[in-house]
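J.: This structure is in structure tokens; I'll ask about it shortly.
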Amino acid sequence: MSLPPVEIKPLSQLTLGQDWRIALAHDRPQHAVIWVTRGQGRLLLNGTRRGVGTHNALTIPPHTLFSLDLGRQGVGMAALIPDGTEVRLPLGPRQLRIRDVDAIGELTGIFEAAHRETTQGKALAQDAIDAQMSLLSVWLRRQIALPENLPTAMNAAARLSARFCERVARGHASGLSMAEHAAELGVTATHLTRACKAATGRTAADLLTERILYAARTALVETTVPVQDIARHLGFGSAAYFTRFMQQHTGQTPTALRKAAR
């Protein structure tokens, strides 16, 4: 079975004017490479919260929980690369703060060339985009190999937070509570809450809620699946409970959110 094409788009197209699309904790089925060219804000990645700014390159493997809040002034590009591609990409999430002028120019050039191919409608455009993604792979591996980009050691709270984020990414629709996830990790709910709060600024319950909320909003605005079926898929006991959850966190019912997006 053939893979879907690589997508190259500005961050503004990734959000479609709705900040929740990247500001809520979520994961994607593709490998995402994000190049921030203007702005600063907060990044959740690998179970920790850190600052993010201009000339930061983010590489986010499939099903890795993350969120990015750059505000309305943030500018950048994103490459969404299907899982299973032949392009060699980092196995783990990374944030690279690029200071070398030549390296900045190289990555900007790769994204600009790939984006032109998506908009100009030329023959063999996908082949050209794939070639640019191979150059992107080389650029990333060269940067990761530099001493200044070696990852820093994680403390115990960050390691536990990262393990919990892995569970949230893959099991948010299981219906398990935060306390049940904590038990699966072999810790108390209180210990998990403190670790996540220290590492991310959010409690464990906040992270789980955000991922469920992202899945719910995405299903409501991008599909026609009935509300009760979305509720069941996300582990809610009833459509009424799901409606109360959405009203609490968005101020609107599921039906109203869907209607507003049409």
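The values are calculated or read from the model by the stated rules, or taken from the named source; none is laboratory data. In this text, all values refer to a predicted model and were calculated from it rather than measured experimentally. Heads up, the Cβs are rebuilt from the backbone with ideal geometry, glycines too, and the neighbour counts pull from every protein chain shown.
J.: Quick check on the range 146-163. Is at least one of its residues in contact with a His (Cβ under 9 Å, 6 or more places away or on another chain) and modelled with pLDDT of 95 or more?
T.: yes
J.: Right, something else. Among the residues of the range 20-54, which ones are over 25 Å from Asp83 (Cα atoms) and part of a loop (DSSP other than H, G, I, E, B)?
T.: Gly39, Gln40, Gly53, Thr54 - these are the residues of the range 20-54 that are over 25 Å from Asp83 (Cα atoms) and part of a loop (DSSP other than H, G, I, E, B).
J.: Looking at the range 223-249, I want the residues that are in the same structural domain as His172 (by TED's automatic domain parsing) and have a partner that is aromatic (Phe, Trp, Tyr) and assigned to a loop (DSSP other than H, G, I, E, B) with Cβ atoms under 8 Å, at least 6 apart or on another chain. Which pairs are those?
T.: Phe242/Phe236; Phe245/Phe236
J.: Restricting attention to the range 127-145, which residues are surrounded by 18 or more Cβ atoms within 10 Å (Cβ to Cβ) and over 16 Å from Leu58 (Cβ atoms)?
T.: Selection gives Ile129, Asp130, Gln132.
J.: Let me ask something else about it. Specify the residue that is surrounded by the fewest Cβ atoms within 10 Å (Cβ to Cβ); the eligible residues are those in the range 214-230 that are in contact with a strand residue (DSSP E or B) (Cβ under 9 Å, 6 or more places away or on another chain) and not small (Gly, Ala, Ser).
T.: Once the filter is applied, the top-ranked residue is Thr218.
J.: Which of the numbered conditions does His63 fail, given that it passes all the others? Conditions: (1) surrounded by 15 or more Cβ atoms within 10 Å (Cβ to Cβ); (2) in contact (Cβ under 8 Å) with a residue 60 or more places away in the chain; (3) not charged (D, E, K, R).
T.: Condition not satisfied by His63: (1).
J.: Condition check: closer than 27 Å to Arg50 by Cα and in contact (Cβ under 8 Å) with a residue 12 or more places away in the chain. Does Leu207 satisfy that?
T.: Criteria met by Leu207.
J.: Also, quick follow-up: Which one of these does Arg21 not meet: (1) farther than 20 Å from Ala215 by Cβ; (2) under 11 Å from the mean Cα position of the chain (by Cα); (3) of a type outside the set (A, V, I, L, M)?
T.: Checking Arg21 against (1) farther than 20 Å from Ala215 by Cβ; (2) under 11 Å from the mean Cα position of the chain (by Cα); (3) of a type outside the set (A, V, I, L, M), the one that fails is (1).
J.: Quick check on my filter: what residues within the range 170-206 are within 30 Å of Ala261 (Cβ to Cβ) and touching a strand residue (DSSP E or B) at 6+ places or on another chain (Cβ under 8 Å)?
T.: Thr200, Gly201, Arg202, listed by residue number.
J.: Quick check: is even one residue across the range 17-34 under 23 Å from Pro151 (Cα atoms), free of Cβ contacts under 8 Å to residues at least 12 places away in the same chain and either assigned by TED's automatic domain parsing to the domain that holds Gly171 or out of contact with any strand residue (DSSP E or B) (no Cβ under 6 Å at 6 or more places or on another chain) (or both)?
T.: Checked against the condition, which is being under 23 Å from Pro151 (Cα atoms), free of Cβ contacts under 8 Å to residues at least 12 places away in the same chain and either assigned by TED's automatic domain parsing to the domain that holds Gly171 or out of contact with any strand residue (DSSP E or B) (no Cβ under 6 Å at 6 or more places or on another chain) (or both), the range 17-34 yields no hits at all.
J.: Residue pairs, Cβ under 9 Å, 6 or more apart or interchain, first in the range 180-201 and of a type in the set (D, E, K, R), second loosely packed, with under 15 Cβ neighbours inside 10 Å. List them.
T.: Glu180/Ser174
J.: Which of the residues that make up the range 87-106 are part of a helix (DSSP H, G or I) and of a type outside the set (Gly, Ala, Ser)?
T.: If the condition is that a residue be part of a helix (DSSP H, G or I) and of a type outside the set (Gly, Ala, Ser), then Val101, Asp102, Ile104, Glu106 are the ones that fit.
J.: Could you check the range 15-35 and list, in sequence order, the residues that are modelled with pLDDT of 95 or more, touching a helix residue (DSSP H, G or I) at 6+ places or on another chain (Cβ under 8 Å) and closer than 25 Å to Ser137 by Cα?
T.: Ile22, His26, Asp27, Val33, Ile34, Trp35
J.: Sticking with this one: Give me the pairs, please: first residue somewhere in the range 79-93 and under 23 Å from Glu112 (Cβ atoms), second residue anywhere and of a type in the set (Lys, Arg) and not in a loop (DSSP other than H, G, I, E, B), beta-carbon distance under 6 Å, and either six or more positions apart or on two chains.
T.: none
J.: Out of the residues in the range 146-174 that are hydrophobic (A, V, I, L, M, F, W, C), over 19 Å from the mean Cα position of the chain (by Cα) and under 21 Å from Val33 (Cα atoms), which is surrounded by the fewest Cβ atoms within 10 Å (Cβ to Cβ)?
T.: The residue in question is Leu150.
J.: Can you name the residue in the range 35-53 that is of a type in the set (S, T, N, Q) and in contact (Cβ under 8 Å) with a residue 60 or more places away in the chain and is also nearest to Ala125 (Cα to Cα) among such residues?
T.: Among residues in the range 35-53 that are of a type in the set (S, T, N, Q) and in contact (Cβ under 8 Å) with a residue 60 or more places away in the chain, the one nearest to Ala125 (Cα to Cα) is Thr37.
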